[in-house]
Structures are given as structure tokens and as C-alpha cells.
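S.K.: This is the structure I want to talk about, given as C-alpha cells.
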Amino acid sequence: MAQTLQETLVAAIRTIPDYPKPGILFRDITTLLGDARAFRRSVDELVHPYAGSKIDKIAGIEARGFILGGAIAHQTSAGFVPIRKKGKLPYETVRVAYSLEYGIDEMEMHKDAVAPGDKVILVDDLIATGGTAEGAVKLLRQMGAEIVAACFVIDLPDLGGRAKLEALDVPVRTLVAFEGH
């Protein structure tokens, strides 16, 4: 009997209780990445709505967004843009501050990574509070990119990240939702 996408992904994602602190249920996709079928289905499902569309770049958020984003860039014949924590890129960068659950951090990308008008899909493994993804959207828009969508394998809807991106007029695509965090 064939498993549904939801069943395949839930079975492939490891949940680690009390990590990184008590009360948190950490959703670990490294097990999904190691499962060829689940990884392939995830990439195919994230790409599907954009097949045949003109996508210039896939922007992946460090670090799991690099893995998913690279595969999606390949599938869409688009370039890949790494969005990294401050100080990790070797060339001239543009930077934006963003909110974390307990503070502020900065992320950056190369200043020549996207051109005005580039159609970009933002990719990461999970959307939680949305602070990192919101920062990435602002960074890409600062450079003139058009955000076609933000794609994530996992949504933690209780934390409001999806709503935060949708309030910025960014369509959000997720594959599986987990209640609680």
C-alpha cells in the first residue's frame, strides 16, 4: 500500500524531545535527508507548483536550506543563492538584522547574488516563528528580487511564522505541519 506524502514525511522526520532546551520538540530532517525516497518526494513536492515557471534563483537559508535549495535549484534549472550568518561569505555582502526567539542576529548574501527583477524562491527546512525567513525576504527585496514563494518541508503553525510571511505578501508552501513545538 502506497503511503501518502504526509505519512512518508512524518515517518522520515525524527522528533527529539527537550532539544535544545526543555519543553521543545526538535524536528530533525537529517533522517529525511538520509531517506532517498522521502528526500526525493520532498523536493518534487516543493518544486511541483513552479514547474514550467521562470525562476531565476533559489535562495537557501543556512544550513539545511542549502541542501534542499541546491536540489530545488537543480530541478528548476535556476541558480542558487546562499543566505548565511554574518561573516561567512568571502565577497562583498549586503546584510540585514533579524529577530530570533531571544535576540537579534544578522544574515547576509553576496551583493551580486540577485539582480533587480529576479524571480526567487526562498527555501529552508522549517518555518517556526518566521524571524529568519522574514529577514531573508527583506534582504532579497532590498536587492530588488521578486519573491515568488517561500518553501519549507515543515510548518510549526502554533509559532506564527507562516502568517508573518503571508503578511509580507509572500506565498508559503509547506509539506507537513506539526502542532506544538
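The values are calculated or read from the model by the stated rules, or taken from the named source; none is laboratory data. Given the structure is predicted, the values throughout are model-derived calculations rather than measurements. Glycine gets a Cβ as well: all are built from the backbone with ideal geometry, and neighbour counts include every protein chain shown. Surface accessibility is based on the protein's heavy atoms, side chains included, excluding ligands, DNA and RNA. Shrake-Rupley method; radii C 1.70, N 1.55, O 1.52, S 1.80 Å.
S.K.: Here are some conditions: (1) polar (S, T, N, Q); (2) open to solvent by less than 40 Å² (accessible area, probe 1.4 Å); (3) over 16 Å from the mean Cα position of the chain (by Cα). Ser42 meets all but one. Which one does it not meet?
M.R.: Just one mismatch for Ser42, condition (3).
S.K.: Within region 16-51, which residues are part of a loop (DSSP other than H, G, I, E, B) and more than 16 Å from Val123 (Cα to Cα)?
M.R.: Correct list: Asp18, Tyr19, Pro20, Lys21, Pro22, Gly23, Ile24, Gly34, Asp35.
S.K.: Moving to a separate point now. Would you be able to say whether some residue in region 57-72 is over 15 Å from the mean Cα position of the chain (by Cα) and either closer than 29 Å to Asp105 by Cβ or in contact (Cβ under 8 Å) with a residue 12 or more places away in the chain (or both)?
M.R.: So far as region 57-72 goes, no, none of its residues is over 15 Å from the mean Cα position of the chain (by Cα) and either closer than 29 Å to Asp105 by Cβ or in contact (Cβ under 8 Å) with a residue 12 or more places away in the chain (or both).
S.K.: Go through region 1-15 and give me each residue that's outside any loop (DSSP other than H, G, I, E, B), surrounded by 14 or more Cβ atoms within 10 Å (Cβ to Cβ) and aliphatic (A, V, I, L, M).
M.R.: Leu5, Leu9, Val10, Ala12
S.K.: For region 53-70, state whether one or more residues are open to solvent by 70 Å² or more (accessible area, probe 1.4 Å) and part of a loop (DSSP other than H, G, I, E, B).
M.R.: Yes, region 53-70 contains at least one residue that is open to solvent by 70 Å² or more (accessible area, probe 1.4 Å) and part of a loop (DSSP other than H, G, I, E, B).
S.K.: Consider Asp18 against the criteria (1) surrounded by 12 or more Cβ atoms within 10 Å (Cβ to Cβ); (2) within 24 Å of Asp105 (Cβ to Cβ): it satisfies all of them except one. Which criterion is unmet?
M.R.: So Asp18 meets the others, but not (1).
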